[in-house]
Amino acid sequence: MNTTASPWRLAARAERMNPSAIREILKVTERPGILNFAGGLPSPETFPVDAMRAACARVLAEDSARPALQYATSEGLPELRAWVAAELGRQGAAVSPDQVLITTGSQQGLDLVAKVLIDQGAPVLVETPTYLGALQAFAPMQPRIDSAASDDEGVQPDALAAQLARLAGQGQMPRFMYALPNFQNPTGRSMPEARRQAVLAVCRAHGLPIVEDNPYGELWFEQPPPAPLLARWPEGVIYLGSFSKILAPGLRLGYVIAPPALYPKLLQAKQAADLHTPGFNQRVVMEVLQDGFLDRHVPAIRARYHAQRDAMLAALSQRLDGLGVQWNQPAGGMFLWLRLPQTLDAQALLPQAVDAGMAYVPGAPFYARTPERHTLRLSFATAAPAQIDAGMAALGQVLRQALKLKA
């Protein structure tokens, strides 16, 4: 009898689980001296440590310590749900606190949406490219993920209409379309007002619901983005938000805003997953949010990222001049998207980049279907201008060598 053989059998859905390409790359960047432009990490310099420390002390005061450390309601702290609803109201979306479900990060929101809405083989539509974490959350439910044609303004409405008409004719309408209209991860692009109206018109005409993910919307530089899709079609949009980019990701605090018809099932899925998001964290955040703290805090984050974006744009212009590389100029968020000459493979070049002292994320893992292997993502959020310049100089060195070898 073989006593060393594993008695465990994986579920079919487990076979669909994949490691995060970004997390695997981050292991490499832990080497000393690597300039890391790979992780989508907020700058630690933006974390409100003093405000958090004071809030923790208030939450642990004698009268409130025991409730903060006790089990909590699955829906979330009522005061925090009301704050989220009011904040969306300021953006033009009429939301009731009863529609707000506090989650353990917005990534859990994606997981709950997948469990509630996706059957095996069910079609799901995503942007091209799209957020890698969403692909990871959807994959275990074994959907058929299709890509919607996209350009620098997001999903292309005419192509979407033709795609939906074709899928409807085949009896394969997607369960929903997943989109990040504001400063998208990975590309940094945003969907302007006219494009939002056109895409929403197509979705409403075909009865295609939308999962709107907005972790970066507050990180605008010159002007805030247009009103969310939620404000335009409340019964047809599930909205995901997060405190990770405006307070601290270690809190693991996000939220889902769902139509009343869907809310009970999302709540049941959350109860099965973790009972509730940590009540202590919710109470601490609610303490921090008192007295309009974010109105004072977030502008400093915007100013920092704006300056770092400008430093990266300047470094790219200087260090990659003449190499045939294209990049965008995001109006907010944390990311730039590069297109190398099509003869180059960003994944294959990554080891050389790390050897040269910098790291990025290859673009291929962000594609649901056919990847564009000459693309890559850079994050400017955690690097000082001098580091950005050094990193882009190293990238330019790698690309020059690769192009020379290809010639």
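The values are calculated or read from the model by the stated rules, or taken from the named source; none is laboratory data. Fair warning: this is a prediction, and the values are worked out from it, not measured in the lab. Glycine gets a Cβ as well: all are built from the backbone with ideal geometry, and neighbour counts include every protein chain shown.
So, in the range 349-361, of the ones that are surrounded by fewer than 23 Cβ atoms within 10 Å (Cβ to Cβ) and in contact (Cβ under 8 Å) with a residue 24 or more places away in the chain, which residue ends up nearest to the chain's Cα centre (by Cα)?
Initially, the range 349-361 is screened for residues surrounded by fewer than 23 Cβ atoms within 10 Å (Cβ to Cβ), giving 349-352, 354-357.
Filter once more, so that each one left must be in contact (Cβ under 8 Å) with a residue 24 or more places away in the chain: 349-350, 352, 354, 356-357.
Values: LEU349: 25, LEU350: 23, GLN352: 27, VAL354: 25, ALA356: 28, GLY357: 26 Å.
Ranking the candidates gives LEU350 first.
Take the residues in the range 1-50 that are in a helix (DSSP H, G or I) and among the basic types (Lys, Arg); name whichever of them is modelled with the lowest pLDDT.
Only one residue tops the list, namely ARG23.
For every residue, the table says whether it meets (1) crowded, with 18+ Cβ neighbours inside 10 Å; (2) closer than 29 Å to LEU135 by Cα; (3) among the hydrophobic types (A, V, I, L, M, F, W, C); (4) in contact (Cβ under 8 Å) with a residue 60 or more places away in the chain.
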site	(1), (2), (3), (4)
ALA303	no, no, yes, no
LEU323	no, no, yes, yes
LEU378	yes, yes, yes, yes
GLN397	no, no, no, no
ALA402	yes, no, yes, no
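Take VAL124 and tell me if it is surrounded by 21 or more Cβ atoms within 10 Å (Cβ to Cβ), in contact (Cβ under 8 Å) with a residue 12 or more places away in the chain and more than 30 Å from LEU336 (Cα to Cα).
Criteria not met by VAL124.
If I ask for residues that are more than 18 Å from the chain's Cα centre (by Cα) and crowded, with 21+ Cβ neighbours inside 10 Å, which ones from the range 176-207 would you list?
ARG196, VAL199, VAL202, CYS203
Out of all the residues in the range 340-378, which are touching a Pro at 6+ places or on another chain (Cβ under 7 Å) and of a type in the set (Phe, Trp, Tyr)?
PHE366, TYR367
Residues of the range 305-321 being over 22 Å from ALA402 (Cβ atoms) and crowded, with 22+ Cβ neighbours inside 10 Å, which ones?
Going residue by residue through the range 305-321, those that are over 22 Å from ALA402 (Cβ atoms) are 305-311, 313-314.
Within the range 305-321, TYR305, ARG309 qualify.
Would you pick out the residues in the range 315-370 that are closer than 30 Å to ASP213 by Cβ and either among the hydroxyl-bearing types (Ser, Thr, Tyr) or in the same structural domain as ARG189 (by TED's automatic domain parsing) (or both)?
TYR360, TYR367, THR370
For the range 75-97, enumerate the residues that are under 13 Å from PRO234 (Cα atoms) and of a type in the set (Val, Ile, Thr).
VAL95, the sole residue that qualifies.
Assess whether ARG283 counts as being outside any loop (DSSP other than H, G, I, E, B), touching a residue at least 12 places away in the same chain (Cβ under 8 Å) and under 30 Å from ILE210 (Cα atoms).
No; evaluated as a whole, the condition is false for this residue.
Please list, ordered by first then second residue, the pairs with beta carbon atoms under 9 Å, 6 or more apart or interchain, first in the range 205-226 and under 18 Å from ILE118 (Cα atoms), second in a loop (DSSP other than H, G, I, E, B) and hydroxyl-bearing (Ser, Thr, Tyr).
That search, which allows pairs on different chains as well, returns ASP213/TYR131.
Can you name the helices (runs of 4 or more DSSP H) wholly within the range 90-170 that have at least 1 residues being among the small types (Gly, Ala, Ser) and closer than 30 Å to GLU15 by Cβ?
Those helices (runs of 4 or more DSSP H) span 106-117, 132-138.
On the given criteria, is ALA86 of a type in the set (Gly, Ala, Ser) and free of Cβ contacts under 8 Å to residues at least 12 places away in the same chain?
Yes, satisfied.
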